[in-house]
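The values are calculated or read from the model by the stated rules, or taken from the named source; none is laboratory data. Remember, predicted model here, so these are calculated numbers, not experimental data. Every residue, glycine among them, receives a Cβ derived from its backbone with ideal geometry; neighbour counts consider all protein chains shown.
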């Protein structure tokens with residue numbers, strides 16, 4: 001029989017969500033942006049409604065469109081305001097290193113005011129050991145403890161309160177839930193960040209989380225596609241190899257398959273996947289992986305209508321040992337990602353210079369850029385009128 005101590009329920013009711021790592025990543029420099037409400041509907045970006053789509057896209061230059069596809073970590077309000085006002089990035093990421101006043105003292109309001117278009121304020125708040133604002137909204141148990149002590153319905157109700165607390169701080173997107181399937185020890189890179197080693201259990205709890213967050217207006221992002229739970233190590237420290245794609249089909253990909261039309265976005269991990277990725281090309285910059293997520297047919301899922309995020313491209317050795325941030329962002333967007341994530345702001349101008357050259361050369365088609373801008377706008381609930 002499940003036990004739900006009042007203390008545990010209170011903790012869960014007060015928490016937040018997460019993104020890529022089990023600990024804080026410390027950046028060196030920064031500048032950032034802010035968001036709007038959250039994921040509502042995942043409508044296709046092409047087809048009917050071309051007039052309203054064109055009207056929105058006409059608001060941006062090519063460089064401004066490219067900036068909408070960047071989500072960067074910030075140190076505080078000044079850094080965030082600068083990168084939003086001067087570079088026009090589409091989202092900021094609030095990490096453990098970010099000045100608490102940005103959210104606690106509502107400084108995020110001035111960041112949003114500097115934005116040309118509604119911007120995302122994202123965070124990595126899963127509960128357990130991955131928690132960026134537990135000092136502001138309280139601690140919460142890990143996913144594994146949650147699944148052991150609460151029913152999905154109890155978790156849903158607790159997440160409603162937790163989501164409202166995040167929204168009150170100004171957060172619009174939480175890089176959670178972690179839908180990795182793992183039976184590893186609690187302190188492994190995924191470990192207790194996973195609800196269970198049973199993909200059906202993971203599905204039930206992740207669905208409750210996504211539904212509650214969507215109800216209160218906070219966007220969610222499932223991670224780490226196509227599944228980090230059985231990976232060979234920690235992508236913060238180096239390359240990680242998963243079991244072959246055929247094996248992932250039976251377990252790791254099941255929650256993504258079940259929840260792909262839930263309204264949540266998807267975060268792709270830095271994972272080498274036998275039978276899917278090319279040698280030395282991790283999933284986060286792999287065209288084959290992005291096509292698998294977007295089309296769904298390769299693993300029996302519906303197509304994903306919402307955006308694809310990368311895991312952190314600037315602070316994880318699975319990427320940084322292989323390429324520069326400029327190379328990584330270009331590769332990710334050319335592969336099919338909609339938003340490239342990294343944890344500092346200093347490289348934003350050089351990244352945009354690189355992306356402008358990629359568009360000019362045809363390596364990054366403008367049609368793909370436009371599609372990504374529209375997907376992200378809809379994820380942020382921008383009123384496009386179509």
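Table for the structure above
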item	result
Condition broken by residue 61, with the remaining ones in (1) farther than 21 Å from residue 209 by Cα; (2) surrounded by fewer than 16 Cβ atoms within 10 Å (Cβ to Cβ); (3) in contact (Cβ under 8 Å) with a residue 60 or more places away in the chain satisfied	(3)
Test for residue 385: is it part of a loop (DSSP other than H, G, I, E, B), surrounded by 17 or more Cβ atoms within 10 Å (Cβ to Cβ) and at pLDDT below 95	no
Hits in the stretch 208-224 - residues which are closer than 14 Å to residue 255 by Cα and touching a helix residue (DSSP H, G or I) at 6+ places or on another chain (Cβ under 6 Å)	208, 209
Residue satisfying all of: in the stretch 365-376; crowded, with 21+ Cβ neighbours inside 10 Å and either over 12 Å from residue 64 (Cα atoms) or free of Cβ contacts under 8 Å to residues at least 40 places away in the same chain (or both); farthest from the chain's Cα centre (by Cα) among these	374
Selected residue (only one of 227, 238, 217, 233 is surrounded by 24 or more Cβ atoms within 10 Å (Cβ to Cβ) and either touching a residue at least 40 places away in the same chain (Cβ under 8 Å) or within 20 Å of residue 275 (Cα to Cα) (or both))	227
The stretch 106-129, residues that are touching a strand residue (DSSP E or B) at 6+ places or on another chain (Cβ under 8 Å) and outside any helix (DSSP H, G or I)	119, 120, 121, 122, 123, 124, 125, 126
Test: residue 313 is within 18 Å of the chain's Cα centre (by Cα), over 27 Å from residue 188 (Cα atoms) and buried (at least 24 other Cβ atoms within 10 Å of the Cβ)	no
Selected residue (criterion: farthest from the chain's Cα centre (by Cα)) from residues of the stretch 377-386 that are touching a residue at least 12 places away in the same chain (Cβ under 8 Å) and under 24 Å from residue 220 (Cβ atoms)	386
The stretch 168-197, residues that are touching a residue at least 60 places away in the same chain (Cβ under 8 Å), assigned to a loop (DSSP other than H, G, I, E, B) and within 19 Å of residue 260 (Cβ to Cβ)	175, 176, 177, 179, 180, 181
Hits in the stretch 253-262 (condition: touching a strand residue (DSSP E or B) at 6+ places or on another chain (Cβ under 9 Å) and not in a helix (DSSP H, G or I))	253, 260, 262
Odd one out for residue 201 among (1) modelled with pLDDT of 95 or more; (2) part of a loop (DSSP other than H, G, I, E, B); (3) out of contact with any strand residue (DSSP E or B) (no Cβ under 9 Å at 6 or more places or on another chain); (4) more than 25 Å from residue 375 (Cα to Cα)	(2)
Of all residues making up the stretch 163-193, the number that are touching a strand residue (DSSP E or B) at 6+ places or on another chain (Cβ under 9 Å) and closer than 19 Å to residue 95 by Cβ	13
Selection within the stretch 111-127 - under 13 Å from residue 87 (Cβ atoms) and crowded, with 24+ Cβ neighbours inside 10 Å	111, 119
Qualifying residue in the stretch 169-188 (condition: surrounded by fewer than 24 Cβ atoms within 10 Å (Cβ to Cβ), within 30 Å of residue 381 (Cβ to Cβ) and touching a helix residue (DSSP H, G or I) at 6+ places or on another chain (Cβ under 7 Å))	yes
Which numbered condition residue 221 fails, given (1) closer than 19 Å to residue 282 by Cβ; (2) not in a strand (DSSP E or B)	(2)
